[in-house]
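Undergrad: First the structure, then my questions, so here it is.
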C-alpha cells in the first residue's frame, strides 16, 4: 500500500490559523466535558455522602479494570436542553473493560436530579442498549434513579423508543444470550424496578438499594399502608424472601466486587474474523489535524490529509483514484484491522455515487468494515444533473449504504448537509457508531442557503400581493433564521439531542475508532444482501 | 478495582496491565515495566522486574503465597475483595442459627457459655425423614438454646443464639 504524501504546509499562515482555532475548540470541548462529568453543586455531593453513596465516577473507576480505556459516549447529551441543568442527561454510558471483557456500562448519575430520567436520559439508555444489541456487548447497569421526571412524562413514556424500549431491549439482549448484571445502589422504582429484574444477575446494596413498583408514598396514597422502604423492597427482603435479587452486598464497593466476579464468569466471546495485521502508528502526527481542519467550514480541503493522520502507516490503497473524484474511496488499516474508507472531497455527483455504491459492495463481499468521513454539502443540483440521473444514482448509494452487512462507522468531520448526510451513512442508516468533531455542522441545508431560500419565499409571497421588501426588512427576516440555524446545526446541539454518540477531539479519533471497531466484532457479520438497485 | 495484597500486615494495591512490551505493574503511583515471569517447574521461576531478573521459589496455599526471593522468605496474602469488602454488619446477623425447615430437635451438642467455632455442630434436627446438623454460623459463645430436645419448631425459628467472644 502506498503511503499518502501529505502536501500540508505546516508553516503556512492558513495552517497556523486553523491550528490555533481548532486547538481552542478542542480545549472548549475538554472543558465542557469536564464540567458535565464533575461540576456539581456542593450540596449534591453532600447529599450523596449523607446517603452513604459514592459519586457515579467513583463507582465507575472501581468497576472498570484499572489502566484500561473507557470510551465514554454522549458525555454532552442534553447540554442544550433543560436549561443545561441535566449534565450528560444524568446518565453515564460507555464501552469499558470489566474483568477482561468488553462491556457497555450504563450508570444513573444520582448527583443530578437524584438520577431522574428525563426524555434525553431515556433516549441515551435506549441507545446504550441498542449498541449492546448491535454489537452483542454484555451490560453492567449501575442503578440509582429516582424515577421518571414526571412533568415531562409525555416525552418519554408511551412511544416506541420511550422508556418501555429500555425493558424491551433488555429482554431482547437476554434472548440473544447477551448477559446483563445490575447493581441496585439506590431506589429502583416503577419502570426502573424492572431494570435489575430483567438483568440475568443483580446485586443489591444493603441499606441504600431498594426495588419496588411503587415507593412508600405511592403505597400510602394507594392503599393507606404505612411501610418503610427497607421493608417494602430492601436488599434483605428481595434476596431472602421475594427472590427478585440475587446477591446482597454490604457496601457499594462490595457490590462492585461481586459484579466483577459475575462478569468474570461470562463466556469470552470469539470475535468475528476480519483481516488483521500488526498495528502501526500513522506516519504523520494526529496533532496536525488541527491545522488541516479549516477555520471556515466552507473552505475545501483534501480528505486524504485527514486519512493520512488516522490510519496505520498513513498507507492508503485508493480505489478508482481518477473516477468520481469528489468521493475518495480506498482501503487502509486501523490498528491492524482492514477498513474501507469513503471520504468526501466535494459535493456528490453521479459518478462519485456510483463509485461509492460499487466500493461498498466490494468491502461487503470482502468482509471489510466501512468508515465514512463526512464533509458533504449534498448532491449536485440542476437541470443537467437531474437529466443525467443524479437522483437515481444517489438512490444506488443510499441502497448500498443501507444494505451493507459489515459494520459501519461514521465521523462527521466538517459539514454534513442534505441527502449527503444520508448517503454518507448518517444516524438513520444504523452505523455502529457516529462521532462528530467539535467544528462540524449538521443540517438539512446549510445555514446561508436556508436563510436565502426562506427569505426568497417570503419576498415572492409579498411580490404577488404587490408589495416589496426593503433591504432592512429582508435582513430582519434573514438574521433570526441564520441564528436559529447556526444554533441548531452545531455539533453541540447534535450531541445534545443524541444524534451522534459523542463529540471527539479529532486527535482521539483513531483510538475511539479502534475501540468501536473491536467492540463491533463481538457480533457476527451477515452475508451480503441488497435490495433492488435502480440501474 | 485494584488487587490488594498484604505483606507484613501492610496492604499494597496493585494492578498488572498489558502493553505491547509485556506486562506493566502499577503500584500506587508508580508504573514498573516490563514485568515478566517464566516458570521453571511447578514452584519456581525467574521473575523479571524492570530489566532485573531474580530466581524465585513459591508455594501457593489458598490466598497465601509463600515466596523465597533474594535469600528471604516472605508471606504474601491475596485479599479477595469479595471477602475483604464484606462488612461486619453481615456478621451480626450470623449470630443466630435459624431453622432451615420446620422440624423437631433430636439432640443438642453444646450448652450455654460454651465457646464454639464457625462450622461446629450445635444441634441435630429431624424433619421430613431427614436428619440435619445445625452448625455454628461463626466463632462465638453459645448464649441461648431456644428449643429443647424433643420439641418442635417452625421454619426460620431461632434455634441457637451466639454472643461474640470477648465483648
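The values are calculated or read from the model by the stated rules, or taken from the named source; none is laboratory data. Quick caveat: nothing in here was measured; it's all calculated off a predicted structure. Here the Cβ is made from the backbone with ideal geometry for all residues, glycine too, and neighbour counts use every protein chain on show.
Undergrad: Grab the helices (runs of 4 or more DSSP H) fully contained in segment A:142-235, keeping just those with 3 or more residues being farther than 26 Å from residue A:251 by Cβ.
TA: Qualifying helices (runs of 4 or more DSSP H): A:164-176, A:216-223.
Undergrad: Report those strands (runs of 3 or more DSSP E) wholly inside segment A:20-114 carrying at least 1 residues which are within 14 Å of chain B (Cβ to nearest Cβ) and surrounded by 15 or more Cβ atoms within 10 Å (Cβ to Cβ).
TA: Qualifying strands (runs of 3 or more DSSP E): A:91-98, A:101-108.
Undergrad: Would you check if residue A:257 is farther than 12 Å from residue A:182 by Cα, modelled with pLDDT under 90 and in a helix (DSSP H, G or I)?
TA: Details: farther than 12 Å from residue A:182 by Cα: yes; modelled with pLDDT under 90: no; in a helix (DSSP H, G or I): yes.
Judged against the criteria, residue A:257 is not a match.
Undergrad: Does segment A:208-220 contain any residue that is within 14 Å of another protein chain (Cβ to nearest Cβ) and either touching a strand residue (DSSP E or B) at 6+ places or on another chain (Cβ under 7 Å) or in contact (Cβ under 8 Å) with a residue 60 or more places away in the chain (or both)?
TA: Yes: segment A:208-220 contains one or more residues that are within 14 Å of another protein chain (Cβ to nearest Cβ) and either touching a strand residue (DSSP E or B) at 6+ places or on another chain (Cβ under 7 Å) or in contact (Cβ under 8 Å) with a residue 60 or more places away in the chain (or both).
Undergrad: Collect the residues in segment B:123-139 that are assigned to a loop (DSSP other than H, G, I, E, B) and either over 28 Å from the mean Cα position of the chain (by Cα) or loosely packed, with under 15 Cβ neighbours inside 10 Å (or both), keeping them in residue-number order.
TA: Hits for segment B:123-139 are B:128, B:129.
Undergrad: Would you point out which residue out of A:306, A:293 is surrounded by 23 or more Cβ atoms within 10 Å (Cβ to Cβ), touching a residue at least 40 places away in the same chain (Cβ under 8 Å) and under 25 Å from residue A:359 (Cα atoms)? Break it down into steps so the answer makes sense when it comes.
TA: On the way: A:293 fails: under 25 Å from residue A:359 (Cα atoms).
Among A:306, A:293, only A:306 is surrounded by 23 or more Cβ atoms within 10 Å (Cβ to Cβ), touching a residue at least 40 places away in the same chain (Cβ under 8 Å) and under 25 Å from residue A:359 (Cα atoms).
Undergrad: Would you be able to tell me the number of residues in segment A:484-521 that are at pLDDT below 95, surrounded by fewer than 17 Cβ atoms within 10 Å (Cβ to Cβ) and either touching a helix residue (DSSP H, G or I) at 6+ places or on another chain (Cβ under 6 Å) or within 23 Å of residue A:285 (Cβ to Cβ) (or both)?
TA: Residues in segment A:484-521 being at pLDDT below 95, surrounded by fewer than 17 Cβ atoms within 10 Å (Cβ to Cβ) and either touching a helix residue (DSSP H, G or I) at 6+ places or on another chain (Cβ under 6 Å) or within 23 Å of residue A:285 (Cβ to Cβ) (or both): 1 in total.
Undergrad: Determine which member of the set A:270, A:278 is within 14 Å of chain B (Cβ to nearest Cβ) and farther than 28 Å from residue A:326 by Cβ.
TA: Numbers: A:270 fails: within 14 Å of chain B (Cβ to nearest Cβ).
Step by step, each of A:270, A:278 is checked, and only A:278 is within 14 Å of chain B (Cβ to nearest Cβ) and farther than 28 Å from residue A:326 by Cβ.
Undergrad: Here are the criteria: (1) within 14 Å of another protein chain (Cβ to nearest Cβ); (2) not in a loop (DSSP other than H, G, I, E, B). Tell me which single one residue B:38 does not satisfy.
TA: (1)
Undergrad: Would you mind telling me which numbered condition in (1) within 14 Å of chain A (Cβ to nearest Cβ); (2) within 30 Å of residue B:65 (Cβ to Cβ) residue B:76 fails?
TA: Status for residue B:76: all satisfied but (1).
This table checks each residue for (1) in contact (Cβ under 8 Å) with a residue 12 or more places away in the chain; (2) more than 17 Å from the chain's Cα centre (by Cα); (3) within 26 Å of residue A:122 (Cβ to Cβ).
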residue	(1), (2), (3)
A:471	no, yes, no
A:481	yes, yes, no
A:493	yes, no, yes
A:500	yes, no, yes
A:511	yes, no, no
A:517	yes, no, no
A:522	yes, yes, yes
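Undergrad: Sticking with this one: Here are some conditions: (1) modelled with pLDDT of 95 or more; (2) in contact with a helix residue (DSSP H, G or I) (Cβ under 6 Å, 6 or more places away or on another chain). Residue A:252 meets all but one. Which one does it not meet?
TA: That leaves (2) as the condition not met.
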